[in-house]
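Trainee: My questions all concern the structure below.
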Amino acid sequence: MVKVSLLCFVSCFGVLFSIMSLSLQKTHLLSALLSLEAMTLNLFILLLSVCSGVGMEGEMCLVLITMGACEASLGLAVLVSLIRAHGNDYVSSFSCHKC
C-alpha cells in the first residue's frame, strides 16, 4: 500500500510539473506537444495506481494506451502540417489571419 501511495504522489508531481512546463513553452510547438505527452503518461501512471485496488488494471491500461497513441499521432500530424504550411514550428509565427 505504501508503494501505491508513493506512485500516486510521484505521478501527481509529474502532472503538475508537466502543466508548469506546458505553460512556460512559448517558442516551439514541439516542446508543447512533448509536455502534453508527459502529462498523458503521468496521468496513465496515476490512473493505473488508483485502479490497482479495484481490479480493472487491464481494461484501463488498454484504453489509456490507445488514447495516448491517438493523441501522439494527432499531435505529430498537426506538427508536420504546420511546418509544411509555415516553414517552422515557432508559436509566435502562427496567426489566425494567415489561415
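The values are calculated or read from the model by the stated rules, or taken from the named source; none is laboratory data. Here the structure is a predicted model, which is why all the values come from computation and not from measurement. Glycine gets a Cβ as well: all are built from the backbone with ideal geometry, and neighbour counts include every protein chain shown.
Trainee: Being in contact with a strand residue (DSSP E or B) (Cβ under 9 Å, 6 or more places away or on another chain) and modelled with pLDDT under 85 narrows it down to one residue among His28, His97, His86; which is it?
Mentor: Matching residue, one of His28, His97, His86: His28.
Trainee: Residue by residue through region 50-85, note down the ones that are farther than 21 Å from Leu34 by Cα, surrounded by 11 or more Cβ atoms within 10 Å (Cβ to Cβ) and among the aliphatic types (A, V, I, L, M).
Mentor: Val50, Met56, Met60
Trainee: Exactly one of these conditions fails for Leu64: (1) at pLDDT 80 or above; (2) of a type outside the set (Ser, Thr, Tyr); (3) within 12 Å of the chain's Cα centre (by Cα). Give me its number.
Mentor: (1)
Trainee: Suppose we filter Ser18, Ser11 for residues that are in a helix (DSSP H, G or I), of a type in the set (S, T, N, Q), crowded, with 18+ Cβ neighbours inside 10 Å and within 11 Å of the chain's Cα centre (by Cα); which single one remains? Don't jump to the end; show me each part of the working.
Mentor: Working: Ser11 fails: within 11 Å of the chain's Cα centre (by Cα).
Going through Ser18, Ser11 in turn, just one is in a helix (DSSP H, G or I), of a type in the set (S, T, N, Q), crowded, with 18+ Cβ neighbours inside 10 Å and within 11 Å of the chain's Cα centre (by Cα): Ser18.
Trainee: Next question, about the same structure. Find all pairs meeting these conditions: Cβ atoms under 7 angstrom apart; at least six residues apart or on different chains; first residue within region 68-91 and assigned to a helix (DSSP H, G or I); second residue of a type in the set (Lys, Arg).
Mentor: Close Cβ pairs satisfying both conditions: Val91/Lys26.
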